[in-house]
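**Student:** For reference, the structure I am asking about is given below.
Read the figures in this text as sums done on the coordinates, not as results from a lab. Bear in mind that the values here come from a model prediction, so they are computed numbers and not experimental data. Quick reminder, even Gly has a Cβ in these numbers, built from the backbone with ideal geometry, and neighbours come from all protein chains shown.
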Amino acid sequence: MPARDRPDYVRRVSDSAAAPIRIVIADDHAVVRSGLHMLLDEEPDFEVVGEAEDVAAARRAVLGQRPDVLLLDLNMPEGPSLPAIPELIAAVPQTAIVVLTMQDEPAFAREALTAGARGYVLKHSAGVELVEAIRTAVAGGTYLNPELGARVATDVAASAGPPGGLTAREAEVLKLIALGHTNAEIAAQLFLSVRTIETHRAHIQDKLRLSTRAELVRYALDHNLVEH
């Protein structure tokens with residue numbers, strides 16, 4: 001049945017015609033942005049007011065449009081988007097950030113929500129779930145992918161106490177870096193993608209304020225992650 005013929009469509013139009021939910025989409029893939037734009041256009045009370053291909057463009061769009069919601073991909077061309085979340089929230093507090101990502105590890109979800117994101121949705125679950133996450137965020141709530149939420153609830157990595165505020169996974173990646181493994185080799189050992197390892201490495205460097213492999217090796221040795 002076409003959307004406009006559904007009873008709930010008429011009701012939603014009536015309820016929200018005066019105040020559309022204004023959305024900016026930030027993703028580095030044009031095809032993804034186009035698909036999300038079409039998906040959101042099906043909701044009569046949603047209005048996509050901007051798109052961005054990187055964090056800098058997302059910042060400009062948020063400051064210029066002051067949308068109700070920013071859909072933010074975690075992996076952008078210039079690096080992880082997580083560090084930008086608190087900055088964006090401080091600049092435009094009325095904009096709720098909903099992360100839309102392929103990263104399905106609990107550590108990423110925890111970090112995003114701790115940073116101030118109001119939603120965390122996996123791209124393979126986008127659709128009805130994304131619409132629900134947007135509505136929840138605008139209403140002042142927090143949305144987390146249910147499957148991932150169950151894993152976050154049972155994940156004890158955060159309380160294991162790795163040094164420097166690292167998660168258990170990040171400490172594991174740092175150990176393998178210190179042992180001389182490449183990103184590809186670490187990905188193979190941990191059954192993760194190379195891009196996920198690159199994101200973990202960027203988070204490690206950001207948390208520890210270290211920039212070179214030599215510094216990471218020294219840190220791992222000093223904190224007994226590997227033997228001298």
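**Student:** Using Cα atoms only, what is the angle between the long axis of helix 213-222 and the major principal axis of the chain, expressed in degrees (0 to 90) to the nearest 10?
**Tutor:** It works out to around 70 degrees.
**Student:** DSSP loop trypsin sites (Lys or Arg not before Pro) in the stretch 194-225 with at most 15 other Cβ atoms within 10 Å of their Cβ, which ones? Write out the running numbers ahead of the final one.
**Tutor:** Working: sites: 195, 201, 207, 209, 213, 218; in loops: 209.
Here the trypsin sites (Lys or Arg not before Pro) that fit, given the DSSP loop and packing criteria, are 209.
**Student:** Post the alpha-carbon centroid distance, the stretch 62-101 to the stretch 108-123, in whole angstrom.
**Tutor:** About 11 Å separates the Cα centre of the stretch 62-101 from the one of the stretch 108-123.
**Student:** Apply the Karplus curve 6.51 cos²θ - 1.76 cosθ + 1.60, θ = phi - 60°, to the phi angles in the stretch 62-72 and return the couplings in whole Hz, x for Gly and Pro.
**Tutor:** Rounded to whole hertz, the list is 5, 5, x, 9, 6, x, 6, 9, 10, 8, 10.
**Student:** While we're here: Rounded to the nearest 500, what is the 222 nm mean residue ellipticity of the chain from helices alone, with -39500 (n - 2.57) per DSSP H run of 4+ residues and division by all residues?
**Tutor:** Numbers: 11 runs with 115 residues, N = 228.
About -15000 deg cm²/dmol.
**Student:** Taking only C-alpha pairs under 8 Å that are 6+ residues apart, what is the relative contact order of the chain in percent?
**Tutor:** Values: 334 pairs, mean separation 28.8, N = 228.
Worked out over the chain, it gives 13 percent.
**Student:** A further question on this structure: Would you work out the relative contact order for the stretch 157-222, in percent, from Cα pairs under 8 angstrom that are 6 or more residues apart? Write out the running numbers ahead of the final one.
**Tutor:** Working: 53 pairs, mean separation 22.3, N = 66.
Contact order relative to length: 34 percent.
**Student:** Going by C-beta contacts inside 10 Å, put 68, 73 in order with the fewest on the left. Can you show the working numbers first?
**Tutor:** Values: 68 20, 73 25.
Starting with the residue having the fewest Cβ neighbours, the order is 68, 73.
**Student:** Tell me, which longest segment in the chain has none of the GluC sites (Glu not before Pro) that fall in DSSP loops with at most 13 further Cβ atoms within 10 Å?
**Tutor:** On the way: sites that count: 42, 78, 227.
Free of exposed loop sites, the longest segment is 79-226.
**Student:** In addition: Taking the number of other C-beta atoms within 10 Å as the exposure measure, put 203, 29 in order starting with the fewest. Walk me through the numbers before you get to the answer.
**Tutor:** On the way: 203 23, 29 12.
So the residues, fewest neighbours to most, are 29, 203.
**Student:** Sort largest first and round to whole Å: the equivalent ellipsoid semi-axes of the stretch 3-152, each the square root of five times a Cα gyration tensor eigenvalue.
**Tutor:** For the stretch 3-152, the semi-axes come out at 23, 18, 15 Å.
**Student:** Quick one: 118, 60, fewest Cβ neighbours within 10 Å first, how do they rank? Walk me through the numbers on the way to the answer.
**Tutor:** Numbers: 118 25, 60 14.
Exposure proxy ranking, most exposed first: 60, 118.
**Student:** Okay, moving on. How many percent of all Cα-Cα pairs in the stretch 157-222 sit more than 15 Å apart?
**Tutor:** 45 percent
**Student:** Of 29, 187, 95, which is farthest towards the positive pole of the chain's charge dipole, taken about the Cα centre with +1 and -1 on the beta-carbons of Lys, Arg and Asp, Glu respectively?
**Tutor:** Projecting each Cα onto the dipole axis, the largest value belongs to 95.
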